[in-house]
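The values are calculated or read from the model by the stated rules, or taken from the named source; none is laboratory data. Note that the coordinates shown come from a computational prediction; the quantities given were computed from them, not determined experimentally. Please note: Cβ atoms are built from the backbone with ideal geometry, for glycine as well, and neighbour counts cover all protein chains shown. SASA here: full protein model, heavy atoms, side chains in, ligands and nucleic acids out. Shrake-Rupley method; radii C 1.70, N 1.55, O 1.52, S 1.80 Å.
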Amino acid sequence: GVQKLFDQVRAGVISVIMVKDFSRFGRNYIEVGNYLEQVFPFLGIRFISVNDGFDSGVSDFSGEFFDVAFKNLAHDLYSKDLSEKIISVRQMKARRGKCIASYAPYGYLKSPDQKLTPDREAAFVVRRIFHMALEGIPKAHIASTLNREGILTPLMLRRQRGEHFPCKTVNEKSVWRTASVLSILQDQRYAGDTVYGKVKPISVGSREGRAVPREQWMIVPDTHEAIVSREVFERVNLGIKKRS
């Protein structure tokens with residue numbers, strides 16, 4: 001939304017930006033300060049923060065800079081502190097074996113107490129995928145077999161059930177792919193373990209994440225009913241590593 005706003009600013013459609021307070025515009029005090037001091041004056045944009053009583057069109061910015069910078073710094077530090085507390089709570093729940101993801105992985109259902117319980121229909125498909133892999137059938141052949149038999153993909157199954165989608169749009173017809181089969185085969189949750197911390201935001205408040213090395217993951221064993229035995233899971237993944 002901010003990027004669309006800036007596009008309109010550059011196009012000359014907008015000349016005034018008004019926010020409730022500085023934290024509604026941004027919580028990185030350096031970035032916000034740069035916009036207030038450099039970008040907006042250069043573009044001729046008037047910036048108003050209602051609750052902070054700031055109006056660049058009538059205020060002497062040089063005299064109010066310290067107060068504005070301090071408020072932005074406070075918002076930035078508060079945001080970072082809040083983020084750390086949220087992460088701490090999520091880690092505590094993960095240690096208790098709770099599923100803190102917004103939706104359960106394919107093959108499971110999420111109970112009201114945030115525990116994973118096998119989904120009878122999808123769990124059967126998961127077991128079959130593991131057993132085919134154990135027999136040495138290539139992942140591409142597993143995917144083509146599931147497609148040929150009309151087995152619904154995880155997203156299509158959720159669409160059929162009217163459940164929430166993890167993405168904004170889903171094709172009318174999605175198919176099993178090698179990558180989706182591999183993702184299931186490498187997911188340790190199917191062996192009954194809780195796995196947390198595979199991805200970490202690149203910065204506070206960012207929607208973009210970066211992969212975390214496996215040795216830094218939080219893995220809590222035997223927190224819910226396994227769909228496949230640990231022996232089967234380990235044998236399949238050992239075979240994947242050898243072929244890689």
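Restricting to region 158-202, count the residues that are of a type outside the set (Val, Ile, Thr), at pLDDT below 90 and in contact with a helix residue (DSSP H, G or I) (Cβ under 7 Å, 6 or more places away or on another chain).
Of the residues in that region, 4 qualify.
Per-residue answers, yes or no, for (1) under 20 Å from Leu5 (Cβ atoms); (2) open to solvent by less than 60 Å² (accessible area, probe 1.4 Å); (3) outside any helix (DSSP H, G or I); (4) modelled with pLDDT under 85:
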| residue | (1), (2), (3), (4) |
| --- | --- |
| Leu36 | yes, yes, no, yes |
| Val39 | yes, yes, no, yes |
| Ile48 | yes, yes, yes, no |
| Asn51 | yes, no, yes, yes |
| Gly57 | yes, yes, yes, yes |
| Glu64 | no, no, no, yes |
| Ala69 | no, yes, no, yes |
| His75 | yes, yes, no, yes |
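For region 211-231, indicate whether the set of residues that are open to solvent by less than 100 Å² (accessible area, probe 1.4 Å), modelled with pLDDT of 90 or more and of a type in the set (Gly, Ala, Ser) is non-empty.
Checked against the condition, which is being open to solvent by less than 100 Å² (accessible area, probe 1.4 Å), modelled with pLDDT of 90 or more and of a type in the set (Gly, Ala, Ser), region 211-231 yields at least one hit.
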